[in-house]
Amino acid sequence: MNTKLLTECQLCGHKCGVNRLAGQRGICQAGITPMVASACLHHGEEPVISGQLGSGTIFFTHCVLRCVFCQNYEISQAEKGAEASTEQLVEMMLALQRDGAHNINLVSPTQYGWQLKTALVEAKRAGLFLPVVYNTGGYDSLDLLLELSGLIDIYLPDLKYFNDERAARYSGGENYLAVATAGIREMHRQVGDIKLDQQGLAQKGVLVRHLVLPNNLADTKPALHFLRELSPKIWLSLMAQYIPQYRASEYPEINRQLLPEEYNPLLDYASELGLENVFIQDLNSAGQFLPDFSQTQPFNPANNQIGT
Ligand code: SF4
C-alpha cells in the first residue's frame, strides 16, 4: 500500500501534505484512527441501495468538505463519534452482514480511505461477501480511488457543483470541478453503470447524487450534461431535499428551500438529455436529517412519468 498517501496526506482534493501517521491533522481535522458516528441498518437511501432490509451504514466522523449547509454538521464538523480500530471496523461490517444488510455503506469515508482499504481487505478475508458502497462527497483524490480499485462495488458520489467558485464559497473545496469529475470518471471506469440483481438491488456500478440548490447555484444543467456524456445509462439521484441548515443563514442566496419552479424544469432537462435512470424527490422530503429517499420514485424521462 502507498503509505505516502498518509505521510504526505493526498487522500482528497485538498492534498494538505500533512503527515497523518505522525499525528498531524489537515483541513478535515481527522486523526489517524478512523472515528465512527454510527453503524446501523439504514432505510433512507435510494431503493436500489436500501431495499427492504436496509443498507449497512457506517457513518464516519469528519469530512473533507466544509459545506455551510451541512445537515450532518455535528458529525462532519463537531467531531461527534468514537475511534474504531481496524478490528472493530471489520466486526462492524460482519455484524451488519449478520443483521441482514443488503450492503456495507461507508458514508463520508474519504478522510479515512487509506485505513478503510486495510479494513476491507481483512473483512473480506473474514467472510464479508456483501457489496461495498463508497458513499462520498466526491472530493476524493485519484490516487485514493486507484488504491481502492477492486474493493468497492458501488460508488455513490456527490457531484455537488459544476462551478469552482461556488464549490469554494459553500463547501471550501478548491478546484472541486476537476477533482469531482476526474473522480467520477475513474469510479465509472472501475465499476461502470449500475447493475441490479433479481430483487432490484444494486450489485455494482456508479450512482451519482446531485443536490439542486436555490437560485441554480449548483449549476445543475452542465452537471447533467457531463453525466450524460459519461454514459447515457448513468444512474442519478436528482435531489430536491435542500434545507438551509448549519451556517446557511449567513448566505442569503441559499437561505431558503428549493421552489418547484426551480426543480421541475431540471426534470424536463434530464428528459431532453435522454438520461435513462434518474431518481427524483418530492419537494416535501426536505427536512430529513440524513439523506432520505423514502419519497423517491424511479423517473423515466422517456415518458415523463413517475414510477416505472
Ligand atoms: S484527507 Fe484531505 S483534508 Fe484531510 S488531511 Fe488529507 S488531504 Fe487534508
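Some points to look at:
- In this structure the amide hydrogen of Met239, modeled in the peptide plane, comes within under 5 Å of the amide hydrogens of His210, Leu211, Val212, none closer than 5 places in sequence on its chain.
- Fully extending the segment from Gln198 to Lys221 would add 5.0 nm, taking 0.36 nm per residue of separation and subtracting the current Cα-Cα distance.
- Taking every DSSP helix (H) stretch of at least 4 residues in the chain, weighting each as -39,500 (n - 2.57) and dividing the sum by the residue count yields a mean residue ellipticity at 222 nm of -9000 deg cm²/dmol.
- Debye log10 I(q)/I(0) for the stretch 1-69, one point scatterer per Cα, at q = 0.17, 0.28 Å⁻¹: -0.75, -1.14
- Loop sites in the stretch 105-203: chymotrypsin sites (Phe, Trp or Tyr not before Pro), DSSP, at most 15 other Cβ within 10 Å: Phe129
- Shape call, the stretch 1-128: gyration tensor on alpha carbons, a/c limit 1.5: oblate
- The GNM of the chain, with springs linking C-alpha atoms under 10 angstrom apart, assigns the highest mean-square fluctuation among Pro232, Pro34, Pro47 to Pro232.
- Charge dipole of the stretch 4-306 about the Cα centre (unit charges at C-beta), most positive-ward option of Ala223, Thr118, Leu207: Thr118
- Using a Förster distance of 41 Å, the FRET efficiency for Glu83-Leu146 (Cβ separation, nearest 0.05): 0.90
- Were the residues from Lys4 through Ser271 laid out at 0.36 nm apart, the gain over their Cα-Cα distance would be 91.7 nm.
- Under Karplus coefficients 6.51, -1.76 and 1.60, residue-wise ³J(HN,Hα) of the stretch 64-76 in Hz, glycine/proline x: 7, 10, 10, 5, 6, 10, 4, 7, 10, 5, 5, 8, 6
- Computed lengthening from Glu74 to Ser231, 0.36 nm per intervening residue step minus Cα-Cα distance: 52.9 nm
- Along the stretch 37-47 the Karplus relation, 6.51 cos²θ - 1.76 cosθ + 1.60 evaluated at θ = phi - 60°, assigns HN-Hα couplings of 8, 6, 9, 6, 7, 10, 10, x, 7, 4, x Hz to successive residues, with x for each Gly and Pro.
- For the chain, Cys9, Cys12, Cys16, Cys28, Cys40, Cys63 stand unpaired, since no other cysteine beta carbon lies under 4.7 Å from theirs.
- Ranking of Leu96, Leu142 by neighbouring Cβ atoms within 10 Å, starting from the fewest: Leu142, Leu96.
- Size descriptor, Kirkwood hydrodynamic radius, that averages inverse alpha-carbon separations across the chain, Å: 19.4 Å
- Point-to-point label distance, Tyr251-Gln52, nm (Cα→Cβ direction, 7 Å offset): 4.2 nm
Bear in mind these aren't lab numbers, they're just calculated from the coordinates by the rules spelled out. Quick caveat, the model's predicted, so the values are computed rather than measured. Note: ideal-geometry Cβ built from the backbone for every residue, glycine included; neighbour counts use all protein chains shown.
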